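Where a number appears in this text, it was derived from the coordinates with a stated rule and is not lab data. Since this is a predicted model, take the numbers as computed values, not measurements. Methodologically, a virtual Cβ is constructed for each residue, glycine included, from the backbone with ideal geometry; neighbour enumeration extends over all protein chains shown.
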Amino acid sequence: MKKQLKSQYQAKPGIKSLKQSKWPVTLVWVAGLILIWELAAIEVAQTKRTPQNILPHLYQILAAAFSGKKVTNNLTATQVVLINAASTLLRAGEGFIMGVAFGYLLALLMSLSKIAEKIAFPYLMLIQMIPILGMAPIVLSITGDINRSRIVIAAILTFYPIAANCLAGFKAVEPQKHELMYSYGANKFQLYTKTMIPATWPYFFTGLKISAPLAITASILVDTLQGGGGLGSMLSQSLKHAMSIYVFWLIIFFIAFIGMFSFYLMGVLEAVLCPYRKWEKGGNEA
Amino acid sequence: MNKYRLESASAAGLETCFDAKQPVQARLAVAPESPSVKAMENKNPASESLTMLNKPAPAEQLLSAQPPLAAARPAEPAASRPESRSGAAAAQFKLKAPSDWWVKASTFVYPLLFGILIYVLWQSGLLHKMLGTDDFTLPAPSRIVRIMQDNSGKIWANVITTLQAALSGLLFGSLLGFLTAFLAMRFPRWGSGGLTLVSAFNAIPIIALAPVITNWTKDVSSDAATRSMVAKILVVTLVCMASMSVNAYRGLTELKPFSLDLMHSYGSGRGVEFIKLRLPNCVPYIFIALKVGVPTSVISAMIAEYFAEFITGVGRQIRENIVLAQYPTAWAYIMTACLMGIVLYAILISVETVALRHRR
């Protein structure tokens, strides 16, 4: 995200000074948010009987994270969150990888065959309209197993951004490149391995960045449908005061953090796997 | 091959020709000081930099969460940008190559055949065997339609509440997002930090937002229906804000080369510059944002209903009916939700076609 904003500024003079002042600006914004939260928390603490249900102080949430008090089953709040996060994130990851694989394969197929593209494209658009998260209970009843339905839903949600982005990537290859490969006498396999597939990488990573938080959301939402572990399940339990309400706040912050982290992780992955793309990023400001 | 390209170039209009013939000037016009362009010059001949110019910017589409539609149909979104024109040229080049009525017809025929195949499989029960499920969990389409007809009054009432939440959230979110973009454009130094923050919020799952906001809005009204509606609208607002702010910011700042200089040479003030240059330039980007926003708003309204106090809305009905093991009824609501999304999207596309008709 930051990289993009930076790159947007590259067209303008004075980029150096902006780059340098980037961090403090963001810091001030974050500090402002914390300030607003704390002010609201003070207000809530004075007017409400149970302020921790509505808006606890941030330090209270931090204290809950580090306190050794057992909230349930001889586990501290942090342990509860981490143990449940492991099962949720593992399924989200499995579904994510499956969705990525299928999405990329479908995009490849659509790019290889005109007929496949014509059949699949309208349905690819329709998938976006289907409330898959709303359908989570149905998937649960079809698969019958909460772990499997987590994987399936995470996969479906991951699938669309990847497929659509990679298809866009295949289509964005300039005709000049096709002509060049044609003049080299390249066959279809060579055309794809040398030109088309490398050209999709930036699009592929764009898709990854969109779908990684989605996969996690999906996995957590499926958790809320059934007991038996997982972050979502703990979320609804703590919301109903089956355990300390601070577990709820911890989970909320944890989810928010993981959502953003997964997004940045994909950016890091891109930077590591495709370092040679950097110069293109700066240049595509046309 | 060459013939097709010439055809497509002329069809795509002047912009493309300009790009193709004078890559160097175009490049200079765009980013005179961009270090990466200089790096490019060392590396590659001019033809490569043309390539670069023509390339849609994948990394930037990222926040729009919408590159799919935007880029998959290249002619559509950024009609004002040169590279998307050449994208249109490529699309036309592909369409024109076999030049046959069958090519046009098959665009509709193949998906239709596929749809009919799925329908037949579903109705005849073969799909159930393939998925290993039964007629109760996954009722036949005819049964779902019958249930929808029987309960049309109740379904309609729920559709109305969901639409209220989704559309007003979309409206507020888009306005706020546009305001953020405007501030980021006007005060780049501090505003861009805010934009970063807004996009970071975008990565927060709705699941985390919905229960918190339900908690916060307990005092808004003594009426449970009102306060859950407020909570839902707030959730949708937050979710829709991010894509609008990022896209609108792009629309307000990524202007055509020299256009800003032209405005300066006319001696226009900031207000005129905004209304005559930046705002019209922004319109296609607003539609990109809305194309993300419309489906997201419906879905996030439904998720927000899951956590809301008051039991109403299409999303909540899906859940309630599944809790009661009324799968056929739940399917009727799922179908309703899909229809809602599709109808809203179709409305948006037609509005866009009308609004952008002079830009094609």
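Structural remarks
- Positive contributions from Lys and Arg (+1) and negative ones from Asp and Glu (-1), summed over other residues with Cβ under 14 Å from the Cβ of B:TYR327, come out at -1.
- Cα-only Debye scattering, the range B:152-268: base-10 log of I(q)/I(0) at q = 0.21 Å⁻¹: -1.13
- Residue exposure sequence - B:HIS358, A:HIS241, B:HIS128 - by fewest surrounding Cβ within 10 Å: B:HIS358, A:HIS241, B:HIS128
- Kirkwood Rh, Cα atoms: Rg over Rh of the range A:83-187: 1.13
- By the count of other C-beta atoms within 10 Å, a proxy for reagent exposure, B:ARG357, A:ARG49 are ordered fewest to most as A:ARG49, B:ARG357.
- Ranked list, fewest to most other Cβ atoms within 10 Å of each Cβ, for A:PHE248, B:PHE172: B:PHE172, A:PHE248
- In this calculation the C-beta distance from A:LEU39 to A:TYR123 is compared with R0 = 60 Å, giving a FRET efficiency of 0.75.
- Surface/4 estimate of mean projected area, convex hull on alpha-carbon atoms of the range B:249-332, nm²: 8.1
- Two-site FRET efficiency, B:VAL145 against B:SER350, from Cβ-Cβ distance with R₀ of 25 Å, rounded to 0.05: 0.45
- Simple label model, 7 Å out from Cα along Cβ direction - B:PHE108 to A:THR193, nm: 4.3
- The range B:170-314: Lys pairs at Cα distance under 26 angstrom, eight or more positions apart or on different chains: 5
- Volume per residue that the Cα convex hull of the range A:222-265 spans, once the total is divided by residue count, Å³: 63
- Reported value for the range B:150-359: 135 Å³ per residue, from the convex hull of its C-alpha atoms.
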